[in-house]
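What follows draws every value from the coordinates through simple rules; no lab data is involved. For clarity, every value in this text was computed on a predicted model and none was experimentally measured. Note: ideal-geometry Cβ built from the backbone for every residue, glycine included; neighbour counts use all protein chains shown.
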Amino acid sequence: MNFDFSDDQKQLRDQARKFLAEKCPPKAVRAVLDGKAPYDKELWKGLAEMGFLGVAIPEDFGGAGAGHLELCVIAEEMGRANAPVPFSSTVYLVAEALLIAGSDAQKKKWLPAIASGEAIGTLALFEGKGNPSPNNVKLAAANGVLNGVKKPVADGAIADFAVVAARTGSSGRDGDISLFIVDLKDGGVEVKGLTNLDPTRGQAEITFKDCKAEPLGAAGEGWSILTQVLDRAAVLCAFEQVGGSDRALEMGRDYALDRIAFGRQIGSFQAVKHMLADMYVSATLARSNSYYGAWALSTNAAELPEAAAAARISATQAFQHCAKNNIQVHGGMGFTWEFDCHMYYRRANAMALGLGSLSYWEDQLIDRMRKKNAA
């Protein structure tokens, strides 16, 4: 496969980078990290005005109608800027779930609100420890109401509505899971913020008590829909992780060129050069796999499940590796609050678990390759 983004898509990436460099400097990320706000509301408003929130949403539903490739390049720049906004929850997960399974009425209600920045969405899937699995969904749905607890829910404390995975049967099979839309401002919902590693991507515990819910998609098809949503989100998150990896590598390289020790730039020391070279290799491998994922996503190729898993694995490894070694290149200064290294380290580790652990996606890749080879 020979794939690259078009000139127009690269120009969009440059535009997004310029916008985020101006509107999302490190001090803006620190403001959220310090607890001055749950997310950067001005940045969120600006992203909507630039059309970035609705870039992959069809024009009929208030979006730009561009496509997933355009969303990929924007995701990369969101990761580079370490943007403290609920972009992944709302755009990668909820908007995609609505595009896949939403009725016309649901799309007309929620997608324009997402594109305009008026509504923040979240996916309520996890219920404590454990990876995505129908067996781990205990929250019950009966007669149009939900009862149970979801945690952690990414951006749950600031979300206006949620797509909720609930159990509608007792056999333990995939067909027992259905999806529902819940307006979190209605009754029957209790939201409690949780402390986590990366406060710029807040998490919450959401309790549903006889909460009215609207079905999303056909009953019993929830897990099939979720699998598609997670694959799409894996590719998009991979681009965000690639952007973070590249920025961590640049920070380490720049510091290695500026820092003088024993009369020489520390970048001239073999140990530092090897560390930076390893960071470059991991980031480049992640970019290659992410490009494969972008191609598969944009063409709805049969290879998307394998491509998504490969992109997720390599991008997660690269971001964690680059963020960790960026601190090492900075030496003792890298561990201080004043330097920005820890912000990317926090985000790298938070994103590593957001869609399921690394081992989960490794198992997914193996299983999918086996099934493909057996077919």
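From the list SER282, SER224, SER290, the one residue that fits, being of a type in the set (S, T, N, Q), crowded, with 23+ Cβ neighbours inside 10 Å and assigned to a helix (DSSP H, G or I), is SER290.
The helices (runs of 4 or more DSSP H) found wholly in region 6-73 and carrying at least 2 residues that are surrounded by fewer than 17 Cβ atoms within 10 Å (Cβ to Cβ) and of a type in the set (Asp, Glu) occupy 7-23, 41-49.
Listed here are the residues, each with its yes/no results for (1) over 29 Å from GLN9 (Cβ atoms); (2) aromatic (Phe, Trp, Tyr); (3) touching a strand residue (DSSP E or B) at 6+ places or on another chain (Cβ under 6 Å).
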| residue | (1), (2), (3) |
| --- | --- |
| GLN241 | no, no, no |
| ARG253 | no, no, no |
| ARG259 | yes, no, no |
| PHE262 | yes, yes, no |
| PHE269 | yes, yes, no |
| VAL281 | no, no, no |
| GLY293 | no, no, no |
| LEU297 | no, no, no |
| GLU306 | no, no, no |
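Is it true that some residue in region 321-332 is touching a His at 6+ places or on another chain (Cβ under 7 Å), closer than 22 Å to GLN265 by Cβ and surrounded by 19 or more Cβ atoms within 10 Å (Cβ to Cβ)? No, because not a single residue in region 321-332 is touching a His at 6+ places or on another chain (Cβ under 7 Å), closer than 22 Å to GLN265 by Cβ and surrounded by 19 or more Cβ atoms within 10 Å (Cβ to Cβ).
Only residues that are in contact (Cβ under 8 Å) with a residue 60 or more places away in the chain and within 14 Å of the chain's Cα centre (by Cα) were counted in region 347-375, giving 9.
For the subset of region 98-135 comprising residues that are aliphatic (A, V, I, L, M) and in a strand (DSSP E or B), which member is surrounded by the most Cβ atoms within 10 Å (Cβ to Cβ)? Of everything passing the filter in region 98-135, LEU123 is surrounded by the most Cβ atoms within 10 Å (Cβ to Cβ). Determine, yes or no, whether ASP254 is in contact (Cβ under 8 Å) with a residue 24 or more places away in the chain, acidic (Asp, Glu) and closer than 30 Å to PHE5 by Cβ. In short, no.
Considering the conditions (1) among the small types (Gly, Ala, Ser); (2) touching a residue at least 60 places away in the same chain (Cβ under 8 Å); (3) in contact with a Pro (Cβ under 9 Å, 6 or more places away or on another chain), ALA204 is excluded by exactly one of them, (2).
Somewhere in region 264-272, is a residue more than 26 Å from PRO26 (Cα to Cα), touching a helix residue (DSSP H, G or I) at 6+ places or on another chain (Cβ under 9 Å) and not acidic (Asp, Glu)? Looking through region 264-272, at least one residue is more than 26 Å from PRO26 (Cα to Cα), touching a helix residue (DSSP H, G or I) at 6+ places or on another chain (Cβ under 9 Å) and not acidic (Asp, Glu).
Just for region 80-97: of the residues that are in a helix (DSSP H, G or I) and β-branched (Val, Ile, Thr), which one is nearest to GLY217 (Cα to Cα)?
VAL94
With respect to being within 22 Å of ALA21 (Cα to Cα) and not charged (D, E, K, R), TYR255 fits the description.
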